[in-house]
Amino acid sequence: MATQTMNSPTTAQSCDTGWTVEKALRLVAGTVVMGSVALGMFVHPNWYYFTLFVGANLFQSAFTNWCPMMTILRKAGLR
């Protein structure tokens with residue numbers, strides 16, 4: 001049996017399981033980009049415009065620190 005010292009945190013203490021807006025935003029953006037690229041490849045090339053829209057929103061959010069999905073995620077209760 002392993003012993004634990006006072007300075008080493010347990011696994012539960014060392015893992016941050018809280019979802020922040022930034023984490024959720026990256027998850028949503030990545031999922032939407034992968035999905036729209038797949039739809040563009042297999043359904044219709046016009047889906048690439050949706051990929052462009054997501055990329056443009058991510059680009060402008062780098063300068064403004066705001067994007068529409070952040071508002072939706074905050075209303076959903078993320079911090």
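Overview of results
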| quantity | calculated |
| --- | --- |
| Complete set of residues in region 53-69 that are hydrophobic (A, V, I, L, M, F, W, C), in contact with a helix residue (DSSP H, G or I) (Cβ under 9 Å, 6 or more places away or on another chain) and surrounded by fewer than 17 Cβ atoms within 10 Å (Cβ to Cβ) | F53, L58, W66 |
| Residues located in region 54-79, provided they are among the aromatic types (F, W, Y) and not in a helix (DSSP H, G or I) | W66 |
| Yes/no for G77 being at positive phi and of a type outside the set (A, V, I, L, M, F, W, C) | yes |
| Test: residue in region 43-52 that is loosely packed, with under 11 Cβ neighbours inside 10 Å, of a type in the set (S, T, N, Q) and over 18 Å from A24 (Cα atoms) | yes |
| Cβ pairs under 8 Å, 6+ apart, first in region 52-79 and more than 16 Å from K23 (Cβ to Cβ) and in contact (Cβ under 8 Å) with a residue 40 or more places away in the chain, second assigned to a helix (DSSP H, G or I) and of a type outside the set (K, R) | none |
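The numbers here are math on the coordinates, done by the rules we state, and not lab data. In this text the structure is predicted, and so the values were computed from the model without any measurement. Note that we place each Cβ from the backbone using ideal geometry, even for glycine, and neighbour counts take in every protein chain shown.
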